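Below: one structure, written as structure tokens.
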Amino acid sequence: MLNRKNKLLLLKVLSLFSVVRGYNVLVIALAQYLASIYILAPNLPLREVVLDINLFLLVLVSTLVIASGYIINNFYDAEKDLINKPTKSMLDRLVSQRFKLSTYFVLNFVAVFLASYVSFRAVLFFSTYIFGIWFYSHKLKKVPFLGNFVSAMLAITPFFVVFVYYKNFEPVIFVHAVFLFLLILAREMIKDLENIPGDLAQNYRTIPIMYGPKVSKVAISILIVLTLIPSLLLIFRFEIGYMDYFFKGCVALLLLFLSLLPKATTKAHYIWLHNILKFIIVSGVFGILLIDVDLVLNRIL
């Protein structure tokens with residue numbers, strides 16, 4: 001049995017894990033490795049990719065910067081989250097704002113230090129990334145559409161890191177990137193519909209607040225229709241193995257999304273729509289394995 005002190009410590013650890021969105025960070029790290037193995041460097045031996053110290057450091061630095069980004073975002077959104085996410089907010093508040101800021105600076109310092117082992121360009125890149133996340137959280141988040149656009153760009157930046165590292169400029173990679181970017185952008189805009197009460201209270205100038213939910217739904221619908229284009233291209237124009245089944249499932253889910261969006265009026269409806277997009281994004285990480293189910297065995301042998 002845990003005593004009171006140990007229970008409090010465990011709750012604080014869970015609180016910090018919640019603040020940094022530990023599950024998201026782990027999924028992104030896994031996605032970077034799977035993308036490297038199956039998409040960006042499919043001709044390299046598996047051992048060479050997995051044991052590449054520079055790749056490991058790039059992924060590790062990315063996770064540290066992303067975790068720190070969630071912390072600073074949580075810091076600025078503390079009051080808004082009390083309205084939009086009261087349960088999560090109460091858990092997050094078990095860790096003081098001062099401790100969150102201290103952790104934020106430590107994570108960024110360690111990230112830049114580790115990046116210096118890769119190259120000076122890596123230091124510049126991640127320093128810019130850190131600044132971009134802070135500037136988004138501090139200023140851009142409240143700007144209609146621009147905030148959503150920048151947030152989506154920041155979300156795909158970890159994949160841009162490994163893309164630049166392997167210098168693979170195949171068209172299929174760009175199509176994958178466009179698919180992911182549009183999906184994340186639509187998800188960011190759905191979150192604005194979810195968070196209208198808190199955004200109103202904190203004077204956030206989001207699209208549904210400035211122009212109304214109807215305009216926001218039209219914009220999201222356009223993004224989803226645009227997302228169908230790279231999905232269909234990946235199914236019919238590129239060789240992606242069994243992953244075409246994943247994209248066929250995506251098309252079905254996106255069409256379902258489009259049919260449900262006009263009818264959505266409550267926060268519960270928007271959460272369901274948000275979860276559809278989130279499911280597509282997360283399942284897409286594991287869907288990368290379907291590109292070539294024999295690839296790992298062949299490269300090991």
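The values are calculated or read from the model by the stated rules, or taken from the named source; none is laboratory data. Given the structure is predicted, the values throughout are model-derived calculations rather than measurements. Glycine also receives a Cβ, built like all others from the backbone with ideal geometry; neighbour counts cover every protein chain displayed.
What to note about this one:
- Scanning the stretch 24-43 for residues that are loosely packed, with under 15 Cβ neighbours inside 10 Å and either modelled with pLDDT under 85 or in contact with a Lys or Arg (Cβ under 7 Å, 6 or more places away or on another chain) (or both) gives a single hit, Asn43.
- Any hit, the stretch 195-204, residues being closer than 19 Å to Ile83 by Cα, assigned to a helix (DSSP H, G or I), of a type in the set (Gly, Ala, Ser) and not assigned by TED's automatic domain parsing to the domain that holds Pro42: yes
- Only one of Arg21, Arg93, Arg98 that is among the basic types (Lys, Arg) and free of Cβ contacts under 8 Å to residues at least 40 places away in the same chain: Arg98
- Filter pass, Ala31 being closer than 23 Å to Trp134 by Cβ, assigned to a helix (DSSP H, G or I) and in contact with a helix residue (DSSP H, G or I) (Cβ under 6 Å, 6 or more places away or on another chain): no
- When Phe179, Phe160, Phe131 are screened for being modelled with pLDDT of 95 or more and surrounded by fewer than 20 Cβ atoms within 10 Å (Cβ to Cβ), only Phe131 passes.
- When restricted to residues that are touching a residue at least 40 places away in the same chain (Cβ under 8 Å), more than 15 Å from Leu277 (Cα to Cα) and aliphatic (A, V, I, L, M), the stretch 211-223 contains 1.
- Exclusive hit being loosely packed, with under 14 Cβ neighbours inside 10 Å, in contact (Cβ under 8 Å) with a residue 12 or more places away in the chain and assigned to a helix (DSSP H, G or I), set Leu256, Leu226, Leu233: Leu256
- Every test in (1) under 22 Å from the mean Cα position of the chain (by Cα); (2) more than 12 Å from Lys217 (Cβ to Cβ); (3) at pLDDT 95 or above is passed by Ser259 save one, and that test is (1).
- Filter result for Ile53 (surrounded by fewer than 20 Cβ atoms within 10 Å (Cβ to Cβ) and modelled with pLDDT of 90 or more): yes
- Contact map, the stretch 48-68: first residue under 10 Å from Val161 (Cβ atoms) and without any contact (Cβ under 8 Å) to a residue 24 or more places away in the chain, second residue among the charged types (D, E, K, R) and surrounded by 17 or more Cβ atoms within 10 Å (Cβ to Cβ), Cβ cut-off under 7 Å, separation 6 or more or different chains; the map is empty.
- Failed item in (1) surrounded by 14 or more Cβ atoms within 10 Å (Cβ to Cβ); (2) touching a Lys or Arg at 6+ places or on another chain (Cβ under 8 Å), with Phe246 passing the rest: (2)
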